[in-house]
Amino acid sequence: MSNAAMKPLHFKPLNGVRIVVWSAFAVILLLLPVLARSNFAVTLLCLTGIAAIACMSYNMLLGQAGMLSFGHAVYTGLGAFVAIHAMNKIGGGWPIPMWMIPLVAGFAGLGFGALLGFVTTRKAGTPFSMITLGVGELVFAAALMFPEFFGGEAGINSNRTAGSGWMHGLGLNFGGQIQVYYLIAIYLFLCTAAMYAFTQTPLGRIANAVRDNAERAEFVGYDTRWVRYLIVMASSFFAGIAGGLTAINFEAATADLVHGTRSGGYLLFTFLGGVGFFFGPIIGAVLLIFSLVVLSELTKAWQLYVGIVFLIMVVFAPGGISSLLMLNLRRIKYGEWRKMRWPYAGMVFFGLIALWGFAAIVEMAYQAQVAAGSGSVVTVARIPMDASVLASWLIAAAVLLFGGICFEIWRRKFNKVWGEGEERIAEAIKKAEAAIV
Amino acid sequence: MSTYALELSNVTKSFGKTAIIRGVNLAVNKGERVAVIGPNGAGKSTLFNLISGRFEPTSGSIKLHGNEIIGQRPYEISRRGLARSFQITNIFSRLSVFENLRCAALFSSGQKYSFWKPLSKLTELNDRTEALMASLELKRRRDVPASLLTYSEQRALEVGLTIAGGGDVILLDEPTAGMSHSETDRFVHLIRKVTVGKTLLTVEHDMGVVFGLADRIAVLVYGEVIAFDTPDKVRADAKVKEAYLGAVLDAEGAHA
Ligand SMILES: Nc1ncnc2c1ncn2[C@@H]1O[C@H](COP(=O)(O)OP(=O)(O)O)[C@@H](O)[C@H]1O
Ligand SMILES: [Mg+2]
C-alpha cells in the first residue's frame, strides 16, 4: 500500500468539529445575558467568566503539568491590585483605555510568575506544593504589611468609568454591568482560545510529558525545571488577566484576593470540574460561582455540602465532572448509552431522596446548634422540619436510610450494565485496531 | 587526541560504603556496536546510569566525543547526542504512543520549548514520528495511552523513545528482556536497522543476540571490566569463561 493510501486512516475531521464547538462557544457567550434577563444573573455570569479564566489558568499547572499549586490566588490577586492602581492612573489621566486593564494585569501576573515562580519551580512534586503554600502565606502577610499598595483592611477602590478614547465617546464606558459582561466574555473567549492553542504546542505537550514522567523528559533533552518555570509564567499571565477583570468588575481590590482560601477554591473547583480535559475547569468555575453565590444563599452549611461532594469525587470520580461527561459521550459513540437510562434514572431518583434525608439532618443540626435564636423550624426543599421534635430526626434518618439503600441497589445494577458495555466497547476497539494495517 | 565516541577512565561508583563500580576503563570507537554482558548485579545498569548522568560517579572521567560529561545533567548529555533506554520501562504513561515518540524527538528537532507553533504544523517531525512508529510496529496502537500497551509493546516504545531523538551514541539496557524468541529476532533486526552508523552499547543476556550483533563485547563482573574484545576472543578468554561465560554457554548448550 502506498503512503498516500494509508494517510486517511488517521484522518480525523476535527477541523469541522472544532469550528462548530468554538462558534457555539462564541454564540453562547453572546446570548447568555439576553437569556439571563435579570441583573443578578448577569452579575453571576460575570463572576463565572472570570472564574473560568482563573480555573483554566490553574489547570495549566495541575492538569497539564502535574503541578499542585496551593497559591494560585497570588497571581490572580496581585494582578487585581496592579489593575486597580492602573485604573486609578487612568482616572489620573493615563492615556490607555479601560479595556486594556486586564492585559496590564496579565503582564503583571507574568512578572510575578517570573519572580515568584523562579523560587517555587526549583522543586517538583510535594516540595513544589509546599513552597507555593509558603509563598502564598508570604504574599498575604505582605498584603497586610504594605497598606500603601494593598490598602490594608479596606483595600483599594477605583472607578471603571474613568478614562477616555473614541470608544468611551461611543458610550463604551463600563457604566452598566452588561458592558462589563461583554468585556469579560471577549477576554474569556480569547483566553480560552489562547490556552487551548497552548496545549497544542511543543511546550504544552512537553508539560504533559513532564507531568507523566519528569525523569524521562530529562533524558530526551528537557530541563524539567525550566519547563515548570515557563508553565508557571504562562499560567500566571492568564491568572493576572482574571485578576484584572476582577478589579474592573468590583472596582475594588482587597487583601483576601491573594488569600490561601481563594487558592484552595481554585484547586477544589478545578478538580471538581476535572483536570483531565481542557474544558473541565469551565465546569469547575460554574460550580465555584454557584456554590459561592447561590448555594451559600440557600444554606448556611454550604461549605459542608461542597466538602462532601469534593470527598465523594476524589474517591469515586477523580477525573471530575468532565471525565464523567466524556465517559458517557464514549458510551453514546459506541451505541451503549441507552442501556443505562434506567440505572441512571434509578440512581438519580433515590439519590435525591437520600440527599433530602441528609440535608434535613444537616439543616436541623445547624438550626439547633448555630441558629437556635431564630426558632427550631427549617424548611428543607419546601418541607418544614422542626429540629426540636424527635420525630423529625427519625423521619429524616429513615428517608436517608431508605434512599441510600435503594441508591446502592441501583448503583450495583448500574455497575453491572456499565461493565458489560465496557467489555463490548473493548471488543469493538480491538476489532478497529486489527483493521489498521 | 582521543576521538572515541565514549571513553570511560577509572570510573568508580559507591552507594554508601558499597563499591558497585570499581574502576571501569572502556573506550568505544565511533560506529562500534558493543555488547555489555555480565551476571546480574554486576553493575551494568549502574554503569549506564553513570554515563547518562542519572547518577554522578564517585571518581573517574567519562568523555563523550572527547568532552568530559561528568557533572552534567541528563538533559545536557542527551543534547550532546547520547540517548539511553531503561531496563525498567520508563515512558510517558498517559500520553499516546504517537505523543510519546513525538515528545522524544521534539527537542532535537529544534522545537525546544517553543509555544508559537502548533504541533500539527510540524510536518517533517510528524512524518518522521509516524515512520518510526511504523518501524516499531506500533501503528495500530497509535492513539492508545502508553500505560495500556502490552509488555512487549512497552519495550518497543521504550527503545523507540531512545532512538527518536536521533542521538549518535545509544545505550540500550536489556532491550529484549522478557520478549519471546520471535519478538527478539524482529527487535534485534530493528535495532540493527535504526542504529546504522551509530555507536551502540547494549546490555544483553541472549548470547545469540550478543554474538550476532556485537563488534566487541565488554564483560562486566563485580564492577570491573574483565575483558573487552571481539566476540571470538572473548569467547576464548579463560578469565571470562571462569567468571561468567562458561556457565552461560553451558546453559545455552544444554537448552539447544
Ligand atoms: N541507587 C542504588 N542505590 C543502592 N544500590 C544500588 C543502586 N542501584 C544499584 N545498586 C546496586 O548495585 C548493584 C548493581 O546493580 P545493577 O547495576 O542494576 O546490576 P545489573 O544491571 O548488572 O544487573 C546491585 O547490587 C544493586 O543493588
Ligand atoms: Mg541491569
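Name the residues in the range A:68-99 that are under 16 Å from A:Ile53 (Cβ atoms) and surrounded by fewer than 24 Cβ atoms within 10 Å (Cβ to Cβ), would you? If the condition is that a residue be under 16 Å from A:Ile53 (Cβ atoms) and surrounded by fewer than 24 Cβ atoms within 10 Å (Cβ to Cβ), then A:Trp99 is the only one that fits. Of the residues in the range B:75-84, at least one is surrounded by 24 or more Cβ atoms within 10 Å (Cβ to Cβ), farther than 15 Å from B:Glu224 by Cα and within 16 Å of ligand 2 (Cβ to nearest atom).
When A:Ile206 is tested against (1) over 30 Å from B:Gly167 (Cα atoms); (2) open to solvent by less than 20 Å² (accessible area, probe 1.4 Å); (3) assigned to a helix (DSSP H, G or I), exactly one condition is not met: (1). When the test is whether a residue is within 14 Å of chain A (Cβ to nearest Cβ), more than 30 Å from A:Lys430 (Cα to Cα), within 16 Å of ligand 1 (Cβ to nearest atom) and in contact (Cβ under 8 Å) with a residue 24 or more places away in the chain, B:Leu171 passes it. The set of residues in the range B:93-123 that are among the aromatic types (Phe, Trp, Tyr) and not in a helix (DSSP H, G or I) comprises B:Phe107, B:Tyr113, B:Phe115, B:Trp116.
Take the conditions (1) open to solvent by 10 Å² or more (accessible area, probe 1.4 Å); (2) within 13 Å of ligand 1 (Cβ to nearest atom); (3) in contact with a Gly (Cβ under 7 Å, 6 or more places away or on another chain); B:Thr3 misses just one of them, which is (2).
Does B:Phe48 count as modelled with pLDDT of 95 or more, open to solvent by 30 Å² or more (accessible area, probe 1.4 Å) and within 14 Å of ligand 2 (Cβ to nearest atom)? Considered against the rule, which asks whether it is modelled with pLDDT of 95 or more, open to solvent by 30 Å² or more (accessible area, probe 1.4 Å) and within 14 Å of ligand 2 (Cβ to nearest atom), B:Phe48 comes out as no. In the range A:312-335, is there at least one residue being over 28 Å from the mean Cα position of the chain (by Cα) and modelled with pLDDT under 95? Yes, the range A:312-335 contains a residue that is over 28 Å from the mean Cα position of the chain (by Cα) and modelled with pLDDT under 95.
Considering the range B:55-70, the residues that are surrounded by 15 or more Cβ atoms within 10 Å (Cβ to Cβ) and either within 9 Å of ligand 1 (Cβ to nearest atom) or part of a strand (DSSP E or B) (or both) include one that is farthest from the other protein chains (Cβ to nearest Cβ), namely B:Gly60. Among residues of the range A:185-207 that are closer than 20 Å to A:Trp226 by Cβ and in contact (Cβ under 8 Å) with a residue 60 or more places away in the chain, those with a Cβ under 7 angstrom from a residue that is of a type in the set (A, V, I, L, M, F, W, C) and outside any helix (DSSP H, G or I), sequence gap 6+ or separate chain, pair up as A:Phe198/B:Phe115; A:Thr199/A:Phe278; A:Gly204/B:Phe115. Of the residues making up the range B:24-43, those that are more than 11 Å from the chain's Cα centre (by Cα) and near ligand 1 (Cβ under 9 Å from one of its atoms) are B:Gly38, B:Pro39, B:Asn40, B:Gly41, B:Ala42, B:Gly43. Restricted to the range B:206-218, and to residues there that are modelled with pLDDT of 90 or more and assigned to a loop (DSSP other than H, G, I, E, B), the residue that is farthest from ligand 2 (Cβ to nearest atom) is B:Asp215. Listed by first and then second residue, the pairs with beta-carbon distance under 6 Å, at least 6 apart or on different chains, first residue in the range B:205-234 and more than 18 Å from B:Thr12 (Cα to Cα) and away from chain A (no Cβ under 14 Å), second part of a loop (DSSP other than H, G, I, E, B) and within 16 Å of ligand 1 (Cβ to nearest atom), are B:Val210/B:Glu204. Note on the range B:21-45: among residues that are within 16 Å of ligand 2 (Cβ to nearest atom) and surrounded by fewer than 21 Cβ atoms within 10 Å (Cβ to Cβ), the one that is farthest from the other protein chains (Cβ to nearest Cβ) is B:Pro39. Within the span defined as the range A:129-146, every residue fails to be open to solvent by less than 60 Å² (accessible area, probe 1.4 Å) and part of a loop (DSSP other than H, G, I, E, B).
Of all residues in the range A:220-231, those that are more than 7 Å from chain B (Cβ to nearest Cβ) have Cβ atoms under 6 Å from Cβ atoms of residues that are in a helix (DSSP H, G or I) and of a type in the set (Asp, Glu), 6 or more apart or on another chain, in A:Thr224/A:Glu218. The set of residues in the range B:87-104 that are more than 8 Å from chain A (Cβ to nearest Cβ) and surrounded by fewer than 24 Cβ atoms within 10 Å (Cβ to Cβ) comprises B:Gln87, B:Ile88, B:Thr89, B:Ser96, B:Phe98. Evaluate the following for B:Arg140: is it closer than 24 Å to B:Phe92 by Cβ and either within 14 Å of another protein chain (Cβ to nearest Cβ) or not in a helix (DSSP H, G or I) (or both)? So B:Arg140 passes the test.
Among the listed residues B:Arg73, B:Arg94, identify the single one that is closer than 24 Å to B:Gln154 by Cβ, away from ligand 1 (no atom under 16 Å from the Cβ) and charged (D, E, K, R).
One residue alone meets the criteria, B:Arg94.
The values are calculated or read from the model by the stated rules, or taken from the named source; none is laboratory data. All values reported here derive from a predicted model rather than from experimental measurement. With ideal geometry, Cβ positions are generated from the backbone for all residues, glycine too; neighbour counts draw on all protein chains shown. Surface areas here come from the heavy atoms of the whole protein model, side chains and all, with no ligands, DNA or RNA. Shrake-Rupley method; radii C 1.70, N 1.55, O 1.52, S 1.80 Å.
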